[in-house]
1. Would you kindly identify the helices (runs of 4 or more DSSP H) lying entirely within the range 54-101 that contain at least 1 residues that are at pLDDT 95 or above?
2. Every residue in the range 110-123 that is at pLDDT below 95 and either out of contact with any Ser or Thr (no Cβ under 8 Å at 6 or more places or on another chain) or under 18 Å from Ile160 (Cβ atoms) (or both), please.
3. Inside the range 153-172, can you point out the residues that are in contact (Cβ under 8 Å) with a residue 60 or more places away in the chain and farther than 17 Å from Lys37 by Cβ?
4. Among strands (runs of 3 or more DSSP E) lying entirely in the range 153-272, which contain 2 or more residues that are closer than 15 Å to Gly28 by Cβ?
5. Looking only at the range 231-250, count how many residues are more than 18 Å from the chain's Cα centre (by Cα) and of a type in the set (A, V, I, L, M).
6. Given the structure, is Val262 over 25 Å from Glu244 (Cβ atoms), surrounded by 14 or more Cβ atoms within 10 Å (Cβ to Cβ) and either modelled with pLDDT of 95 or more or under 20 Å from the mean Cα position of the chain (by Cα) (or both)?
7. If you go through the range 67-106 one residue at a time, how many are of a type in the set (S, T, N, Q), closer than 21 Å to Pro169 by Cα and touching a helix residue (DSSP H, G or I) at 6+ places or on another chain (Cβ under 6 Å)?
8. Return the residues of the range 88-115 that are among the β-branched types (Val, Ile, Thr), within 17 Å of Gly63 (Cα to Cα) and under 15 Å from the mean Cα position of the chain (by Cα); say none if nothing qualifies.
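The values are calculated or read from the model by the stated rules, or taken from the named source; none is laboratory data. Please read these numbers as outputs of a predicted model, since none were measured by experiment. Cβ placement follows ideal geometry from the backbone for every residue including glycine, while neighbour counts extend to all protein chains displayed.
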Amino acid sequence: MADIEGLREAKDVKISGTGSAAGFHLKGSAHLDWGMKNRMSRIIKPDTGRTVMLAVDHGYFQGPTSGLEVMEKTLEPLIPYADCLMLTRGILRTSVPPGCQTPIVLRVSGGQSVLTELSNETWNVDVDDCIRLNAAGMAFSIYVGAQHEHQTLVAFSDLIDAGYAAGIPVLAVTAVGREMARDARYLSLSSRIAAEMGANIVKTYYCQNFTKVTGTCPVPIVMAGGKKLPELEALEMAFKAVSEGAVGVDMGRNIFQSDSPVGMIKAVRAVVHCNEKPKTALKIYEDEKKTSKAPKVKAKASRPKSRK
């Protein structure tokens, strides 16, 4: 039994709910349970409200695309600079060290390849496996307006239910098929549908009038990097996205296909977390590129002093 001698009455009592634990740094997430909020806080950092996700899940339908031929070689230098990794369970098990503390958003949809209809995709990773792999989130592509729209949306709805049951947030990827326009009308439509169905985070492309997309989506949006661009253009796109309401980026090819992947991810971090201007951030990339290509001078072995 607890010792009650010397018990003192409580003082400095305030109305409950005014402390830092009462609020949450992400919009549309205040109603979530503690486990969901904790996982989302690992993905999107509370100190800045931003994230730099590294997308390396391309192989699930593209195979060994350029830059991802040997995953361990690609990931090892980049993991320390990523807030989150987005990848498949196969690559997580084979190519990421178990001691890695970087949170994982696991790709849980698939079923097609670049040789077939891209929208013919469905939920293909059990939530129990996501729990076994300690995933902080689950990523699923929805193909609004595509041939298999209904199939992906129904499977997405089932995943949302499973995610809430397990306390794992779901990131909706607003995939764009071969004939879909990447404009504000389409991206705001698909992002809003994803949020209405229960997505906790939405990944979508940058476009003109991007504020229409972020402003009409009630949950956080991260910008998809898309195809490889010249480094300054990619940094400008990231800067515009976060300036217009995105909570960060989920970049892949613009990082791992760069001629200095580490320099590029450092530059992207400067833009996203420190609001650096693109040209200033570009210097970070250029300096890292020069350093990495500079010839390493081998230290000369010291000769033992002769004894007299």
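1. It comes to 71-75, 89-95.
2. Once the filter is applied, which keeps residues that are at pLDDT below 95 and either out of contact with any Ser or Thr (no Cβ under 8 Å at 6 or more places or on another chain) or under 18 Å from Ile160 (Cβ atoms) (or both), the range 110-123 yields Gly110, Ser113, Val114, Leu115, Thr116, Glu117, Leu118, Asn120, Glu121, Thr122.
3. none
4. 170-174, 201-205, 221-224
5. 1
6. Answer is yes for this residue.
7. 2
8. Thr88, Val108
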